[in-house]
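One structure below.
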Amino acid sequence: MDKIISINNLTISFKKNEVVKDVNIEIIKGKTTAIVGESGSGKTLTALSILKLLPNNAEVNTGKILFENENILSLSDKSIQKIRGKKIATIFQEPMTSLNPLHTINKQIEEIILTHKNIKNREVKKITNNLLNEVGLKNIAKRPKVYPHELSGGQRQRVMIAMSIANNPSVLIADEPTTALDVTIQLQILDLLSSLQNKLGMTMIFISHDLSVVKKISDYVYVMKNGKVIESGAKEKIFNNPKHEYTKGLVSSQSKKKINTFVNNEEVLKVENLKVWYPIKKGILKRTVDYVKAINNLSFILKKSESLGIVGESGSGKTSIILAILKLITSKGKIYINKKDSNEFSYKQTLNMRKEIQIVFQDPFSSLSPRMNTEEIISEGLNVHYPNISMQEKKIKIKTVLQNVGLNYEESIGKYPHEFSGGQRQRIAIARALILEPKILILDEPTSALDITIQNQIVELLNELQNKFSLSYIFISHDMKVIRSIADKVIVLKNGYAIENNTSDEIFTNPNSEYTKNLIRSVL
């Protein structure tokens with residue numbers, strides 16, 4: 001097998017703190033090599049070093065990176081610029097931050113072509129148009145001026161792919177290119193990358209923390225932890241016979257399945273024929289001319305100690321269900337909470353209902369106030385619903401709830417959100433919800449912003465808390481493997497309709513729709 005890139009004994013440090021330690025990686029020509037690891041494992045720094053794109057405060061202590069019989073690390077800035085975008089191209093995780101918002105997408109693609117080729121303007125425009133067609137943006141190619149903000153996340157990523165293949169590179173570095181996308185769009189992007197690789201004969205380096213994505217696209221896998229490569233080999237070897245305990249944990253987490261040993265017939269929430277329609281108003285008088293039908297005739301029952309998973313892509317109506325249950329938007333249909341019709345609730349009853357139904361959001365860093373310490377964050381709900389609570393009782397409750405979510409009271413209580421890791425911040429968000437002793441916990445993508453190992457810890461914590469406190473969960477996600485590990489029942493939403501509404505076992509073993517089959521195929 002021909003090697004196109006060899007990374008030999010690479011060590012990178014920040015102020016004498018080694019973050020990449022003696023890494024050796026062989027990139028095989030024409031194949032996809034995946035580098036897998038959690039945040040801080042060194043995978044992205046290793047990939048960025050190939051194009052000398054390391055941060056200014058990062059220093060390469062030792063090592064060589066050989067490409068076309070040259071050590072890239074010893075090349076001048078002028079020499080490396082001839083390689084970037086021409087021989088080795090890159091796709092980054094978040095296309096919105098990678099694309100210039102002030103320039104049209106056509107101009108940005110043309111720019112990268114003209115950087116490496118001296119050709120006429122008419123020919124550049126023709127190549128750009130062909131590239132947009134190649135990546136599945138035929139409609140966009142017909143429009144003269146389109147800016148990044150006018151495109152969806154998937155379309156923006158397709159533009160980034162068009163830019164990366166504009167000069168027919170030998171190597172494509174894809175750094176978490178699907179992480180910020182819905183699972184159905186992920187599939188489309190992965191299929192597109194695979195087809196382009198086969199067509200153009202490219203070599204691909206794929207950086208990810210998601211093993212389900214790696215399993216689908218890679219030929220070879222390198223697993224990194226704490227700056228070191230702890231295991232490597234062909235994809236089949238890594239997934240079928242992992243050696244290292246860390247790798248075994250990553251692989252086993254892909255197939256975890258919730259086992260519910262507790263059956264309870266007590267209904268805590270019942271939704272009948274729920275409709276959420278948003279009016280579209282036009283004209284000077286703002287007359288309603290149509291509706292965005294976010295949710296149509298949705299019905300389900302949530303029982304005590306049960307978890308309901310709600311799956312769907314962006315715009316499918318997941319968030320509208322939450323807002324309707326909490327009476328934060330107008331809806332039609334019946335919502336029974338503890339067998340009482342919430343449409344008949346008084347203002348005081350609505351406040352009490354919100355105490356019993358708490359929510360944990362997707363990104364704990366944005367949902368926790370940066371100006372409040374842990375004690376203030378967790379006690380906020382107590383101050384609203386129990387204004388006369390004593391300081392001593394409040395302290396006992398905070399200490400207990402922090403212990404329940406696996407955090408030390410003395411070490412955590414005076415710290416602010418930025419002083420915690422992502423997983424710790426999510427534990428604080430869960431503690432804030434639990435301190436009011438709710439019956440229902442709504443979890444809106446609570447693990448999607450976390451690494452896979454931290455995801456597993458949070459899912460295990462939630463399952464433990466459910467058994468301990470007989471909690472009922474509404475778990476919203478686009479990740480079917482997370483849903484499988486926590487949900488007893490699953491609703492699959494598409495365009496506002498429940499196309500699946502059944503037990504988790506039934507949906508994973510016998511899905512009715514092609515859409516659900518594709519969701520399951522993408523992760524399992």
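The values are calculated or read from the model by the stated rules, or taken from the named source; none is laboratory data. In this text, all values refer to a predicted model and were calculated from it rather than measured experimentally. Counting neighbours? That spans all protein chains shown, and the Cβs are built from the backbone with ideal geometry, glycine included. For accessibility, only protein heavy atoms count, side chains too; no ligands or nucleic acids. Shrake-Rupley method; radii C 1.70, N 1.55, O 1.52, S 1.80 Å.
With a ≥ b ≥ c the root eigenvalues of the C-alpha gyration tensor of segment 77-213, is it rounded (a/c under 1.5), prolate (a/b larger than b/c) or oblate?
On the way: a/c = 1.59, a/b = 1.17, b/c = 1.36.
Oblate.
Do the sum for the chain: with -39,500 (n - 2.57) for every DSSP H run of n ≥ 4, divided by all residues, what is the mean residue ellipticity at 222 nm, to the nearest 500 deg cm²/dmol? Kindly include the intermediate steps, with their values, before the conclusion.
Working: 22 runs with 204 residues, N = 524.
Mean residue ellipticity, 222 nm, calculated: -11000 deg cm²/dmol.
Just to be sure I follow: if Rg is taken over the C-alpha atoms of segment 269-315 and Rh is the Kirkwood radius over the same atoms, what is Rg/Rh?
Numbers: Rg = 15.6 Å, Rh = 13.3 Å.
That ratio equals 1.18.
Please compute the net charge surrounding residue 408, taking Lys and Arg as +1 and Asp and Glu as -1 over other residues with Cβ under 14 Å from its Cβ.
-1
Not counting ligands, DNA or RNA, and with a 1.4 Å probe, what is residue 75's accessible surface area in Å² rounded to the nearest 10?
So the heavy atoms of residue 75 present about 20 Å² to solvent.
What is the sum of charges around residue 176, taking Lys and Arg as +1, Asp and Glu as -1, for the other residues whose C-beta is under 10 Å from the C-beta of residue 176?
Combined, the nearby Lys, Arg, Asp and Glu give -2.
Can you compute log10 of I(q)/I(0) for segment 404-524 with the Debye formula, treating each Cα as one identical point scatterer, at q = 0.18 Å⁻¹?
Debye output, listed in q order: -0.99.
Alpha carbon centre of segment 272-315 versus segment 378-445: separation in Å?
31 Å
What list of ³J(HN,Hα) values in whole Hz, one per residue of segment 103-115 in order, does the Karplus curve 6.51 cos²θ - 1.76 cosθ + 1.60 (θ = phi - 60°) give from phi, with Gly and Pro shown as x?
Here the 3J(HN,Hα) series is 10, 5, 5, 4, 5, 5, 5, 4, 4, 5, 6, 5, 5 Hz.
If one takes the longest principal axis of the Cα atoms in the chain, at what angle in degrees, from 0 to 90 and to the nearest 10, does the Cα axis of helix 374-385 lie?
Approximately 30 degrees, to the nearest 10.
Can you pull the percent of segment 115-256's accessible area that's carbon plus sulfur, 1.4 Å probe, other chains left in place?
46 percent
If you take mean projected area of the Cα convex hull in nm² from the coordinates, which of (1) 23.5; (2) 25.5; (3) 28.7 do you get?
Label of the calculated value: (3).
Using a 1.4 Å probe on the protein heavy atoms, what percent of the accessible area of segment 296-391 belongs to carbon and sulfur? If you can, show how the numbers build up before the last one.
Values: 2480 of 4930 Å².
Percent of accessible area from carbon and sulfur atoms in segment 296-391: 50.
Taking the chain as the reference, fit the longest principal axis to its C-alpha atoms, fit the long axis of helix 183-200 to the helix C-alpha atoms, and give the angle between the two in degrees, 0 to 90, nearest 10.
10 degrees
Got the relative contact order for the chain handy, in percent, Cα pairs under 8 Å and 6 or more residues apart?
15 percent.
Quick one: Kirkwood hydrodynamic radius for segment 133-177, alpha-carbon pairs, angstrom, one decimal? Present the calculation step by step, with values, prior to reporting the outcome.
Numbers: mean 1/r = 0.0869 Å⁻¹.
In segment 133-177 this quantity evaluates to 11.5 Å.
What are the principal axis extents of the Cα atoms in segment 316-410, in Å, biggest first?
Dimensions of segment 316-410 along the principal axes of its Cα atoms: 47, 33, 23 Å.
Return the sequence-ordered ³J(HN,Hα) values of segment 434-443 in whole Hz as given by the Karplus equation 6.51 cos²θ - 1.76 cosθ + 1.60 applied to θ = phi - 60°, using x for Gly and Pro.
Each residue of segment 434-443 in turn: 6, 5, 8, 6, x, 8, 10, 10, 9, 10 Hz.
Number of Lys-Lys pairs in segment 329-449 under 21 Å by Cα, sequence gap 8 or more or different chains?
23
For the Cα atoms of the chain, what angle does the longest principal axis make with the long axis of helix 391-404, in degrees from 0 to 90, nearest 10?
It works out to around 50 degrees.
What value in Å³ per residue do you get for the convex hull of the alpha-carbon atoms in segment 160-287?
Looking at segment 160-287, the number lands at 259 Å³ per residue.
Can you tell me which of 161-174, 87-100 comes out highest on packing, and rank the rest after it, using the mean Cβ neighbours within 10 Å?
Answer by packing, highest mean first, reads 161-174, 87-100.
Taking the full set of protein chains and a 1.4 angstrom probe, give the accessible area of residue 202 in square angstrom, rounded to the nearest 10.
0 Å²
Once segment 397-466 is represented by equal point scatterers at the alpha-carbon sites, with solvent omitted, what log10 I(q)/I(0) does the Debye formula produce at q = 0.25, 0.27 Å⁻¹?
For the requested q values the scattering log ratios are -1.28, -1.43.
Can you give me the C-alpha center-to-center distance between segment 22-83 and segment 1-21, rounded to a whole angstrom?
Centre-to-centre (Cα) distance: 7 Å.
Can you tell me which of 19-28, 210-219 comes out highest on packing, and rank the rest after it, using the mean Cβ neighbours within 10 Å? Intermediate values should be presented prior to the final figure.
Details: 19-28: 18.7, 210-219: 20.5.
Most protected by this proxy first, the peptides run 210-219, 19-28.
So if I take the centroid of the Cα atoms in segment 94-114 and the same for segment 459-507, what is the distance between those two points in Å?
Taking the Cα centre of segment 459-507 as reference, the centre of segment 94-114 is 39 Å away.
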